[in-house]
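Engineer: Below is a structure I'd like to ask you about.
No lab work stands behind these numbers, since they all come straight from the coordinates. These numbers come from a predicted model, not from an experiment. For neighbour counting, all protein chains shown are included, and Cβ atoms are generated from backbone atoms with ideal geometry for every residue, glycine included.
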Amino acid sequence: MAPYVYRPLKDKGQEIRLMTLMPGTISCEIRIELETILLKGNDAKPQYEALSYAWGPAESLVDIRVGDSEASLGVTQNLATALAYLRHEDQPRHLWIDAVCVNQHDLRERSEQVLCMGDVYRMAARVVVWLGPEDQSSN
């Protein structure tokens with residue numbers, strides 16, 4: 001698969017990308033869609049959840065498919081595991097995740113988006129915290 005190419009955000013601090021995590025079972029390929037929305041300045045408040053998690057090591061990235069194209073985005077194993085557990089089997093889930101919704105290779109965009117992260121988390125319908133999958137030492 002070819003690497004996903006981000007379209008630039010236009011309004012500094014006003015536009016963000018939201019990710020739609022497509023439905024599937026835990027063992028299905030992870031598929032997402034990305035859309036650009038206005039965070040502020042419109043009447044309709046966007047409905048999404050924000051994910052907080054530890055990125056984990058950047059070695060051996062996992063490719064996730066973006067849209068119906070042959071494009072993929074490399075994410076850490078920890079995020080790929082979180083997405084597999086967090087997706088619904090029967091409906092899409094709208095999320096804001098910094099590693100996916102912010103072009104990490106564009107330093108200018110990254111610094112602009114960091115400035116509006118407080119608003120991103122504050123305006124989320126819910127903040128989801130991913131600590132990792134359950135294991136024998138989990139309570």
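Engineer: Would you calculate the separation in nanometres between label points at A2 and H88, each defined as 7 Å from the Cα along the Cα-to-beta-carbon direction?
Structural biologist: Here the answer is 3.2 nm between the modelled labels.
Engineer: Oh, and also: Do the sum for the chain: with -39,500 (n - 2.57) for every DSSP H run of n ≥ 4, divided by all residues, what is the mean residue ellipticity at 222 nm, to the nearest 500 deg cm²/dmol? Walk me through the numbers before you get to the answer.
Structural biologist: Working: 4 runs with 30 residues, N = 139.
Rounded to the nearest 500, it is -5500 deg cm²/dmol.
Engineer: Still on this structure, I have one more. Would you please classify the overall shape of region 1-50 from the alpha carbon gyration tensor, given that a ≥ b ≥ c denote the square roots of the eigenvalues, rounded means a/c under 1.5, and beyond that prolate means a/b larger than b/c while oblate covers the rest?
Structural biologist: oblate
Engineer: Give the shape of region 79-139 as rounded, prolate or oblate, defined through the alpha-carbon gyration tensor: a ≥ b ≥ c are the square roots of its eigenvalues, a/c under 1.5 means rounded, and otherwise the shape is prolate if a/b is larger than b/c and oblate if not. Intermediate values should be presented prior to the final figure.
Structural biologist: Values: a/c = 1.98, a/b = 1.79, b/c = 1.10.
In terms of gyration-tensor shape, prolate.
Engineer: If you don't mind, another one. How large is the translational diffusion coefficient of the chain in µm² per second when you combine the Kirkwood radius over alpha carbon pairs with Stokes-Einstein at 20 °C and 1.002 mPa s?
Structural biologist: Details: Rh = 15.7 Å.
My calculation gives 137 µm²/s for D.
Engineer: Just to verify a number: FRET efficiency for E70 and L38, C-beta to C-beta distance, R0 = 30 Å, to 0.05?
Structural biologist: Numbers: r = 29 Å, r/R0 = 0.98.
The computed FRET efficiency comes out at 0.55.
Engineer: DSSP beta bridges in the chain, what fraction antiparallel, as a percent rounded to 5?
Structural biologist: Values: 14 of 25 bridges.
Around 55 percent antiparallel, to the nearest 5.
Engineer: Name the residues of region 5-22 whose amide N is less than 12 Å from a point 7 angstrom out from the Cα of L115 along the C-beta direction?
Structural biologist: From region 5-22, the list is 11-15.
Engineer: Taking θ as phi - 60°, what are the ³J(HN,Hα) couplings along region 11-27 by the Karplus curve (6.51, -1.76, 1.60), each to the nearest whole Hz, with x for Gly and Pro?
Structural biologist: So the Karplus estimates, Gly and Pro as x, are 8, 4, x, 9, 9, 9, 9, 10, 9, 9, 8, 6, x, x, 7, 4, 8 Hz.
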